[in-house]
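Working notes, structure below.
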Amino acid sequence: MLGKAISIEHPSFSRDWWSAFLAETADRTQSLVVRNALSEADVRQLREEAGCIVRNSALADTFRTYINGKQADNRLVASAPPAEGEDMDVWRTRVFGADKFSLIINQCEQLSGVVASFLEKAVVRLQEITGLPLLGYNSTVFMGNYGFTPLGIHHDGTGNNVLHFHIGPGDKVMYNWDEDQYTADMASRAFDEQLAAADEYRFSAGDLYYMPWNKYHIGNTEAFSIGITLWFNNPTRASYLRKLSDDFLVRLVGDGEAVIHAGQENGDRTKLFELASVLRDNAQDRSFRSLLYDEHQRTMRRLASGGYWFSKSRPEDDRVLTKEDLDREIYVAEPYRLLYFRRGRDLYLYGRGHEQVLDYSDGLTAAIDKINNETTVYRMGDFIQDLSAPLSQRQAFVLLSDWYRKKIIALR
């Protein structure tokens with residue numbers, strides 16, 4: 001049966017547009033295709049950016065390659081990435097020839113500022129209505145002419161709803177099954193029978209496809225196409241509690257790589273007492289509830305500093321500051337922020353998802369406020385001079401260099 005496909009008669013991604021979207025998806029519980037959600041200019045820009053994503057993913061190794069349905073060595077792509085300005089259809093023919101291929105590229109928000117900015121702006125009005133996913137967003141690109149998805153029929157992680165922005169040029173079909181329907185009646189059937197019982201969602205370049213996390217699904221892409229997805233990371237109560245407790249335990253105990261050897265008897269509790277002592281000393285007798293709340297606040301600050309992307313920015317070692325940059329202005333690009341809070345003598349800094357702890361000083365917080373102030377022109381040399389009391393000029397330069405390498409700050 002053909003799945004629901006509509007047009008929304010409001011400016012794309014406006015508050016009214018998203019309100020209509022929420023009504024048509026029964027508040028994000030049903031799959032939907034929205035026709036022509038993207039303008040021709042959006043499609044053209046995002047398709048041109050696909051080459052940048054492939055080039056950067058080859059450097060970061062954040063992708064998987066499939067050829068003729070089987071996972072292949074990534075070195076084929078890494079050794080022959082698209083040239084600057086090369087048409088992606090030309091590139092895929094050059095690299096893969098007549099083979100059917102698929103690229104699944106993760107963390108695209110860190111591989112392309114253009115894509116990250118587009119996705120951030122697309123959902124900003126939706127956030128006003130529904131709030132933010134507790135663990136932020138991730139973005140993935142699916143690219144190829146691979147026929148049926150090499151991952152097979154599956155459903156995604158619990159709570160991970162997805163928007164698929166299709167930029168073509170080829171069309172795509174997504175087959176959906178309700179969770180109860182698939183597990184009770186479909187899993188043991190032949191593939192053709194499974195497809196016959198599915199809801200089919202067909203979409204073309206410029207369309208948006210939405211799917212809630214609990215739909216079993218498989219995609220089919222016969223002609224070469226590219227899709228950019230945005231994942232909403234909504235954890236369960238149990239999974240979020242596990243994340244917070246794991247994070248603070250690692251922080252309190254360390255990286256946990258040291259091996260604990262058993263005592264002479266199975267009932268020997270010495271090692272457990274030693275570990276408990278480390279926890280008690282580092283936690284400073286704070287309650288479990290207090291530790292959890294503290295870790296929750298750290299998670300929220302990390303996300304807020306990085307535009308609510310779950311992943312941290314990827315440091316780039318070739319981003320280097322020099323003395324010639326002293327007259328350039330420091331700023332934080334939207335929607336990112338350089339956040340901080342004080343606890344005793346420590347100043348906790350958050351930028352692009354990274355956390356850093358420095359000694360507190362009024363001069364440092366004043367300098368950060370100037371960087372965050374969009375109406376203030378604050379030059380790199382002024383920052384170094386302002387911090388000459390709490391830090392040496394060399395220390396201030398090293399701090400800025402670290403922020404620049406991690407893309408926490410930018411220069412103009």
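Looking at this structure, is residue 386 more than 30 Å from residue 124 (Cβ to Cβ), under 30 Å from the mean Cα position of the chain (by Cα) and without any contact (Cβ under 8 Å) to a residue 60 or more places away in the chain?
On the way: more than 30 Å from residue 124 (Cβ to Cβ): yes; under 30 Å from the mean Cα position of the chain (by Cα): no; without any contact (Cβ under 8 Å) to a residue 60 or more places away in the chain: yes.
Judged against the criteria, residue 386 is not a match.
Results for (1) at pLDDT below 95; (2) assigned to a strand (DSSP E or B), shown as yes or no for each residue.
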| position | (1), (2) |
| --- | --- |
| 301 | no, no |
| 316 | yes, no |
| 324 | yes, no |
| 335 | yes, no |
| 341 | yes, yes |
| 390 | yes, no |
| 394 | yes, no |
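If you scan region 176-224, which residues turn out to be among the charged types (D, E, K, R) and touching a residue at least 40 places away in the same chain (Cβ under 8 Å)? Give the derivation first.
Step one: list which residues in region 176-224 are among the charged types (D, E, K, R), which gives 178-180, 185, 189, 192-193, 199-200, 202, 207, 215, 222.
Answer for region 176-224, where residues must be among the charged types (D, E, K, R) and touching a residue at least 40 places away in the same chain (Cβ under 8 Å): 199, 200, 202, 207, 215, 222.
Only residues that are part of a strand (DSSP E or B) and either over 27 Å from residue 111 (Cα atoms) or in contact (Cβ under 8 Å) with a residue 24 or more places away in the chain (or both): list them for region 343-355, please.
Initially, region 343-355 is screened for residues part of a strand (DSSP E or B), giving 343, 346-351, 354-355.
Within region 343-355, 343, 346, 347, 348, 350, 351, 354, 355 meet the criteria.
Quick check on my filter: what residues within region 363-380 are over 13 Å from residue 399 (Cα atoms) and of a type in the set (Gly, Ala, Ser)?
Within region 363-380, the subset over 13 Å from residue 399 (Cα atoms) is 363, 365-366, 369-379.
Once the filter is applied, which keeps residues that are over 13 Å from residue 399 (Cα atoms) and of a type in the set (Gly, Ala, Ser), region 363-380 yields 363, 366.
Find the residue count for region 55-69, including only residues that are modelled with pLDDT of 95 or more and β-branched (Val, Ile, Thr).
Residues flagged as modelled with pLDDT of 95 or more and β-branched (Val, Ile, Thr) within region 55-69 amount to 2.
Within region 124-180, how many residues are of a type in the set (Gly, Ala, Ser) and assigned to a loop (DSSP other than H, G, I, E, B)? Give the steps one after another, and end with the answer.
To start, the set of residues in region 124-180 that are of a type in the set (Gly, Ala, Ser) comprises 131, 136, 139, 144, 147, 152, 157, 159, 168, 170.
Next, from what is left, pick out any that are assigned to a loop (DSSP other than H, G, I, E, B): 131, 136, 152, 157, 159, 170.
So the answer is 6.
Within region 389-405, which residues are small (Gly, Ala, Ser), touching a residue at least 24 places away in the same chain (Cβ under 8 Å) and surrounded by 13 or more Cβ atoms within 10 Å (Cβ to Cβ)?
First, the residues of region 389-405 that are small (Gly, Ala, Ser): 389, 392, 396, 401.
Applying the additional criterion that residues be touching a residue at least 24 places away in the same chain (Cβ under 8 Å) yields 389, 401.
The one that is small (Gly, Ala, Ser), touching a residue at least 24 places away in the same chain (Cβ under 8 Å) and surrounded by 13 or more Cβ atoms within 10 Å (Cβ to Cβ): 401.
Just one of 238, 184, 223 is more than 19 Å from the chain's Cα centre (by Cα) and part of a loop (DSSP other than H, G, I, E, B); which is it? Talk me through it step by step, then tell me what you get.
On the way: 238 fails: part of a loop (DSSP other than H, G, I, E, B); 184 fails: part of a loop (DSSP other than H, G, I, E, B).
After applying the criteria, what remains is 223.
Please pick out the residue among 97, 113, 51 that is on the phi > 0 side of the Ramachandran plot and of a type outside the set (Lys, Arg). Break it down into steps so the answer makes sense when it comes.
Values: 113 fails: on the phi > 0 side of the Ramachandran plot; 51 fails: on the phi > 0 side of the Ramachandran plot.
So the residue among 97, 113, 51 that is on the phi > 0 side of the Ramachandran plot and of a type outside the set (Lys, Arg) is 97.
Matching residues to (1) free of Cβ contacts under 8 Å to residues at least 40 places away in the same chain; (2) assigned by TED's automatic domain parsing to the domain that holds residue 121; (3) farther than 17 Å from residue 117 by Cβ; (4) within 24 Å of the chain's Cα centre (by Cα):
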{"site": "38", "(1), (2), (3), (4)": "no, yes, no, yes"}
{"site": "43", "(1), (2), (3), (4)": "no, yes, no, yes"}
{"site": "47", "(1), (2), (3), (4)": "no, yes, no, yes"}
{"site": "52", "(1), (2), (3), (4)": "no, yes, no, yes"}
{"site": "58", "(1), (2), (3), (4)": "yes, yes, yes, yes"}
{"site": "64", "(1), (2), (3), (4)": "no, yes, yes, yes"}
{"site": "71", "(1), (2), (3), (4)": "no, yes, yes, yes"}
{"site": "77", "(1), (2), (3), (4)": "yes, yes, yes, yes"}
{"site": "82", "(1), (2), (3), (4)": "yes, yes, yes, yes"}
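Which residues, counting only those in region 360-382, are assigned to a helix (DSSP H, G or I), within 30 Å of the chain's Cα centre (by Cα) and of a type outside the set (A, V, I, L, M, F, W, C)?
365, 369, 370, 372
Among 62, 29, which is the only one that is among the β-branched types (Val, Ile, Thr) and surrounded by fewer than 20 Cβ atoms within 10 Å (Cβ to Cβ)? Walk me through it before giving the result.
On the way: 62 fails: surrounded by fewer than 20 Cβ atoms within 10 Å (Cβ to Cβ).
From the options 62, 29, the qualifying one is 29.
Does residue 54 satisfy being out of contact with any Pro (no Cβ under 9 Å at 6 or more places or on another chain) and assigned to a helix (DSSP H, G or I)? So that I can check it myself, show each step before the final result.
Working: out of contact with any Pro (no Cβ under 9 Å at 6 or more places or on another chain): no; assigned to a helix (DSSP H, G or I): yes.
The answer is no for residue 54.
For residue 375, work out the one condition from (1) under 21 Å from residue 412 (Cα atoms); (2) at pLDDT 95 or above it doesn't fulfil.
(2)
In region 315-329, which residue that is touching a residue at least 60 places away in the same chain (Cβ under 8 Å) and within 14 Å of residue 410 (Cα to Cα) is surrounded by the fewest Cβ atoms within 10 Å (Cβ to Cβ)?
First pass over region 315-329, keeping only residues touching a residue at least 60 places away in the same chain (Cβ under 8 Å): 315-317, 319-321, 325, 328-329.
Next cut, within 14 Å of residue 410 (Cα to Cα) only: 315-316, 319-321, 325, 328-329.
Working: 315: 14, 316: 14, 319: 14, 320: 10, 321: 19, 325: 18, 328: 14, 329: 15.
The selected residue is 320.
Against the definition (of a type outside the set (Lys, Arg), at pLDDT below 95, closer than 17 Å to residue 217 by Cα and under 15 Å from the mean Cα position of the chain (by Cα)), how does residue 157 come out, yes or no? Walk me through how you get there before you give the answer.
Details: of a type outside the set (Lys, Arg): yes; at pLDDT below 95: yes; closer than 17 Å to residue 217 by Cα: yes; under 15 Å from the mean Cα position of the chain (by Cα): yes.
For residue 157, the condition - of a type outside the set (Lys, Arg), at pLDDT below 95, closer than 17 Å to residue 217 by Cα and under 15 Å from the mean Cα position of the chain (by Cα) - is met.
Considering only residues that are buried (at least 20 other Cβ atoms within 10 Å of the Cβ) and in contact with a helix residue (DSSP H, G or I) (Cβ under 9 Å, 6 or more places away or on another chain), look in region 189-209 and name the one that is farthest from residue 69 (Cα to Cα). Explain how you work it out, then say what you get.
We begin by selecting, within region 189-209, every residue buried (at least 20 other Cβ atoms within 10 Å of the Cβ); these are 198, 201, 203, 205, 207-209.
In the following step, the residues that additionally are in contact with a helix residue (DSSP H, G or I) (Cβ under 9 Å, 6 or more places away or on another chain) were identified as 198, 205, 208.
Working: 198: 22, 205: 24, 208: 26 Å.
Restricting to residues being buried (at least 20 other Cβ atoms within 10 Å of the Cβ) and in contact with a helix residue (DSSP H, G or I) (Cβ under 9 Å, 6 or more places away or on another chain), the top hit is 208.
The values are calculated or read from the model by the stated rules, or taken from the named source; none is laboratory data. Fair warning: this is a prediction, and the values are worked out from it, not measured in the lab. Every residue, glycine as well, gets a Cβ built from its backbone with ideal geometry; the counts of neighbours run over all protein chains shown.
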